Amino acid sequence: MVLARFLAVVLAGAAALPLLLFSCAEAGGEVGVSYGRVASDLPPDQASVVDLLRRNGITKVRIYDADPGVLKSLANTGIRVMVMLPNDNLAQAARDPSYAPWWVRSNVKAYYPATLIDGVAVGNEVFDARPDLNSDLVRAMTNVQSALAQQGLDGAIKVSTPIALDALEVSWPPSKGRFKGEIAERVMKPMLDFLQRTGSYLSVNLFPCLTYMRQPDMNRDFALGNSKAPGYRDDATGLEYHSLLDAQLDATYFAMEKLGFPQLRVRHTEHGCASGGGLRPGHGGRRLEDGDDGGGAAPSVANAQAYINNLMDRVASGRTGTPHRPDADMDVYIFALFNENKKGDGPDDIEAHYGLFYPNMQKVYDFQFPGAAAASWCVANAAVGDARLQAALDYACGHGADCGAIQPGAACFEPNTKLAHASYAFNSYYQRSGRASGACDFAGAAYVVNQAPSGTCSATAASWCVANTAVGDARLQAALDWACGNGADCSAIQPGATCFQPDTKAAHASYAFNSYYQRKGRAAGTCDFAGAASVVYQAPKIGNCVLPSRA
């Protein structure tokens, strides 16, 4: 993501008119996440990251390379993946006829279809990051496309390249949108032609929150996507804009039309809002100060939460069109999965604060992906009898289900019944198939339920509940008292006991919270304490005391 981008235009004084209504019944979209890894403290176990994605209903991911560990971990999960040929390899892909075929065989074909790769990004923000590669960009994209075609993958996997919004020379009013002169005819026009011919899409990285930071007089609701924001009129078209995102998108659509491409789709390959930090010196904006309520233009948890939830709600509702393109869809990759401590110029740089999750997999703020509400499970139908259950169980285990946990002596062997083993295998097959329609049937031996079946064995890694020190000692004490009074075994944190040291609120609260969580069978909602706790997947050690993983 490049910070120096977009709109030195003051919108606050524009005239407001009544809201224009658009029918978006045919529109739709999907929300995924960009999984960047420029950090030293991310979870080392890719399986735990995959579990995080699945628990949050995240069905598509963009990565910034084609890392074998990540791609292998996503195999048989049903999660779709966009991989990237990095900027550093772009020139070779453009100039060496053998390179793109080798890259596709090694980084795409080697993992597909077990890993559902559905896109290749050729470079990232090349115009900003590597303008010396502008003349190579379309040729590299063409060569990667040809290599995919040689492998028979061009129908399933699309090629694009993410551009920053400052590829536009003019972006307000939207109808005046046009690409910069130095790239419009030489690069963008042949690129758009390539995208149209191959059935692909223009990838754009969008950050309305950054524009808001540079223009603190802008209406907050307009910047953060609140549907009740006041409107700003484009006098040339008469269109009314109640969202900065819509204005940015329509400026892009108008820019494409000026080059002769009125129907090409746009996919949002980065779309985020920082929860903290500040811009580098010289980039404007202001740092979040102590006591700031997030109501201004500062990066803050409140602004990030509002922006991301407004965006997710919009996609979930199907209201994905814009004033100029009311039937447009909205495929979005939220930037980013985790806060990345090696991005930018240090821990106070805004670049390090775009994550939905902290590296310990705790949410930075509350949100819900549209897919999370559709969680479902596949269970065995006892009515068909053991013989049919066994036949379906054998099929599932032989066609992708992970049945290791129901082998003798393994974590989910008990109860040793056909019904229990079949439910485990059927659900593994169903989840690994991305909960696809028809993946939970087995000739009538299974059916879908929308609540987690009681007593279902989980072979996933153990988890622990630990204190969130950010809430402060007063809230930790209140939650600690509640946990100890409602079933947690707090004897080990009494003076002189084994886990009394270190004698801090955070240490004692973590012990009590974890005891309560484990005694409740790690049930959903039992590690929250009004935001004072979160679940982690690596055994925490507090002084000499390792928190237990079971009650």
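The values are calculated or read from the model by the stated rules, or taken from the named source; none is laboratory data. This one's a predicted model, so the numbers in the text were calculated from it and none came from an experiment. All Cβ positions, glycine included, derive from the backbone under ideal geometry; neighbour counts span all protein chains shown. Keep in mind that these areas ignore ligands, DNA and RNA; they rest on the heavy atoms of the full protein, side chains included. Shrake-Rupley method; radii C 1.70, N 1.55, O 1.52, S 1.80 Å.
Please go through segment 318-361 and pick out each residue that is part of a helix (DSSP H, G or I) and open to solvent by 20 Å² or more (accessible area, probe 1.4 Å).
His353
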In the list Ala129, Ala156, which residue meets the criterion of being more than 26 Å from Pro262 (Cβ to Cβ), among the hydrophobic types (A, V, I, L, M, F, W, C), surrounded by fewer than 19 Cβ atoms within 10 Å (Cβ to Cβ) and without any contact (Cβ under 8 Å) to a residue 60 or more places away in the chain? Ala156
Applying the selection to segment 392-442, what residues are without any contact (Cβ under 8 Å) to a residue 40 or more places away in the chain, part of a helix (DSSP H, G or I) and open to solvent by 40 Å² or more (accessible area, probe 1.4 Å)? Asp394, Cys397, Gly398, Lys418, Leu419, Tyr424
I'd like to check something: does segment 508-523 contain any residue that is open to solvent by 60 Å² or more (accessible area, probe 1.4 Å) and under 27 Å from the mean Cα position of the chain (by Cα)? yes
Any chance segment 400-412 includes a residue that's closer than 28 Å to Ala247 by Cα and small (Gly, Ala, Ser)? no
Inter-residue pairs, beta-carbon under 7 Å, first within 17 Å of Asp132 (Cβ to Cβ) and open to solvent by 10 Å² or more (accessible area, probe 1.4 Å) and in segment 76-96, second in a loop (DSSP other than H, G, I, E, B) and not small (Gly, Ala, Ser), 6+ apart: Pro86/Asp65; Asn87/Asn124; Asn87/Arg130
Which numbered condition trips up Ala380, out of (1) in contact with a Lys or Arg (Cβ under 9 Å, 6 or more places away or on another chain); (2) of a type outside the set (Ser, Thr, Tyr); (3) at pLDDT below 85? (3)
Quick one: Ala478 ticks every box in (1) among the small types (Gly, Ala, Ser); (2) buried (at least 22 other Cβ atoms within 10 Å of the Cβ); (3) modelled with pLDDT of 90 or more bar one, so which box is it? (2)
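In segment 182-204, what residues are open to solvent by 10 Å² or more (accessible area, probe 1.4 Å) and under 15 Å from Glu257 (Cα atoms)?
Ala184, Glu185, Lys189, Pro190, Asp193, Gln196
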Near pairs, Cβ below 9 angstrom, 6+ apart or cross-chain, from segment 31-46 (part of a strand (DSSP E or B)) to any residue that is open to solvent by 30 Å² or more (accessible area, probe 1.4 Å) and modelled with pLDDT of 95 or more: Ser34/Tyr64; Tyr35/Tyr64
Cβ-Cβ distance below 6 Å, separation of 6 or more or different chains: which pairs start in segment 98-117 with a residue that is open to solvent by 20 Å² or more (accessible area, probe 1.4 Å) and end on one that is assigned to a loop (DSSP other than H, G, I, E, B) and of a type in the set (Gly, Ala, Ser)? Asn107/Ala66; Ala114/Ala75
Restricting segment 173-232 to residues that are hydroxyl-bearing (Ser, Thr, Tyr) and touching a strand residue (DSSP E or B) at 6+ places or on another chain (Cβ under 7 Å), the residue that is nearest to His353 (Cα to Cα): Ser203
Scan segment 301-318 and report the pairs whose first residue is over 19 Å from Ala274 (Cα atoms) and whose second residue is of a type outside the set (Ser, Thr, Tyr) and not in a helix (DSSP H, G or I), with Cβ atoms within less than 6 Å and a gap of 6+ or a chain change. Val315/Gly29; Val315/Val31; Val315/Met330; Gly318/Cys24; Gly318/Ala27; Gly318/Gly28
Would you pick out the residues in segment 119-137 that are over 12 Å from Pro86 (Cα atoms), touching a strand residue (DSSP E or B) at 6+ places or on another chain (Cβ under 9 Å) and at pLDDT 95 or above? Gly119, Phe127
For segment 55-71, what are the residues that are surrounded by fewer than 17 Cβ atoms within 10 Å (Cβ to Cβ) and under 23 Å from Glu30 (Cα atoms)? Arg55, Gly57, Asp65
Which of the helices (runs of 4 or more DSSP H) contained wholly in segment 115-209 include at least 2 residues that are charged (D, E, K, R) and either in contact with a helix residue (DSSP H, G or I) (Cβ under 8 Å, 6 or more places away or on another chain) or at positive phi (or both)? 134-150
